[in-house]
1. Please give the number of the condition residue 265 fails out of (1) over 18 Å from residue 342 (Cα atoms); (2) open to solvent by less than 40 Å² (accessible area, probe 1.4 Å); (3) not in a helix (DSSP H, G or I).
2. Given the residues 216, 204, which is the only one that is within 25 Å of residue 271 (Cα to Cα) and either charged (D, E, K, R) or in contact (Cβ under 8 Å) with a residue 24 or more places away in the chain (or both)?
3. Please give the number of the condition residue 178 fails out of (1) surrounded by fewer than 15 Cβ atoms within 10 Å (Cβ to Cβ); (2) within 21 Å of residue 344 (Cα to Cα).
4. Give me the residue from region 228-251 that is aliphatic (A, V, I, L, M) and in a helix (DSSP H, G or I) and, out of that set, least open to solvent (accessible area, probe 1.4 Å).
5. Open to solvent by 60 Å² or more (accessible area, probe 1.4 Å), free of Cβ contacts under 8 Å to residues at least 60 places away in the same chain and of a type outside the set (A, V, I, L, M), is that true of residue 225?
6. What do you reckon, is residue 287 farther than 23 Å from residue 184 by Cβ, at pLDDT below 95 and assigned by TED's automatic domain parsing to the domain that holds residue 354?
7. Take residue 313 and tell me if it is assigned to a loop (DSSP other than H, G, I, E, B), in the same structural domain as residue 244 (by TED's automatic domain parsing) and at negative phi.
8. Does any residue of region 345-357 turn out to be out of contact with any Cys (no Cβ under 7 Å at 6 or more places or on another chain), closer than 19 Å to residue 208 by Cβ and surrounded by 22 or more Cβ atoms within 10 Å (Cβ to Cβ)?
Amino acid sequence: MNYKENGDDSLQPKDIPSAGIGPIHEMAALPEAGPEHANSPVPMAIANEKPEAVEATKQQEDADGSPSPSVDHRPRTDEAASSVAVKSVSLKKPQCFFGERPLPAMEMAPRVLRYRSRRDFLVFGAGALATLTGAGFLLPQDTLSRFGVRRNVDSPGKEWFLNKALRIDDDVAEALYSGTRRVPTYTKSQITLLKNNYNGTTPDPGYISGWKLTLDGLASGLSISLDIRNLLTRFSVHEQVTRLVCVEGWSAIAWWAGLRFEDLLRAYPPMSQAKWARVESSVNLDGSGNPDPYFMSLDLATAGHPQTLLATHFNGQPLTVDHGAPLRLLVPVKLGLKNVKAITRITYVAEEPRDYWAERGYSRYDGI
């Protein structure tokens, strides 16, 4: 091999053998070059090479076991620089754990693909048929008759399933109930308009003069009747500004005052096995003005909640007929349909009593 002398025994680029590692040697010599070589196209060529190509070149050298003599004559510093350069090029950016990954290529024989497609179609069809059958079982008989199904498919099982589906939110609300949790309270400046929302026709106020509250199912075995004067003189009056939430989707903030239901339970304790209270209003009217007694079930745990009132006043004044004079139930942790107006009787029972709206297909617990 002929070396051209230029006074410093340095090897000129044109004398370097054209081996596969030539570009690496040229880059390794870069640290010794002057500043004028900073923009040399050689490092750019190396930097633009794919990491796989550089790694393949390095693996070829290792497999040979006999590197070029020009490498042997290089100083150790050049070898270190070359090694660093190769490693820096071959580094791969780590992939983010949540980053999108390319879908793997899958190969499948046409026969297997046809088999799986046919199987998936049959499974999908069977599932769709089962879904339609189940939905048809749950439809009302009148709806099924319009579709041409004359056979009566009503059964106790169907009613049980529908009731369970309807009351799943009740079960969750009842399980999460806590006597220590209170609904938000507000200031009197935040009071909003509360409309008259009687279930039917607002009754004539003539009933108020002879009104009494009757208590049944007591531990004493007696039936007690109390008028509004008895209630106001025996029990302390508590005030609160809370929100009344209606099942129809509206709500209002109002200032209420009255005795706590909890105080009534202590003064007239229910029988030991009682778990529910049936609260009713005999003066309630339907939309045509005919008598339509309103009744509602209330669990005793909610009755004893510190914010449950037997309200006697509204916005600082005695209740008017519009808002259930002379005594109404106020349960802020329940929907408005549980807040019975013009209560005339409370009966304590062991089993869940009848409920006006539950008998008409609505839920029974109605917690918020």
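1. The number of the failed condition is (3).
2. 216
3. Of everything listed in (1) surrounded by fewer than 15 Cβ atoms within 10 Å (Cβ to Cβ); (2) within 21 Å of residue 344 (Cα to Cα), residue 178 misses just condition (2).
4. Taking the candidates together, the pick is 231.
5. yes
6. Criteria met by residue 287.
7. The answer is no for residue 313.
8. Within region 345-357 (the criterion being out of contact with any Cys (no Cβ under 7 Å at 6 or more places or on another chain), closer than 19 Å to residue 208 by Cβ and surrounded by 22 or more Cβ atoms within 10 Å (Cβ to Cβ)), the answer is yes, since at least one residue qualifies.
The values are calculated or read from the model by the stated rules, or taken from the named source; none is laboratory data. Here the structure is a predicted model, which means the values were calculated and not measured. No Cβ is skipped: glycine too gets one built from the backbone with ideal geometry, and neighbour counts run over all protein chains shown. Ligands, DNA and RNA are stripped out before the accessible areas are found, and what is left, the full protein with its side chains, is counted by its heavy atoms. Shrake-Rupley method; radii C 1.70, N 1.55, O 1.52, S 1.80 Å.
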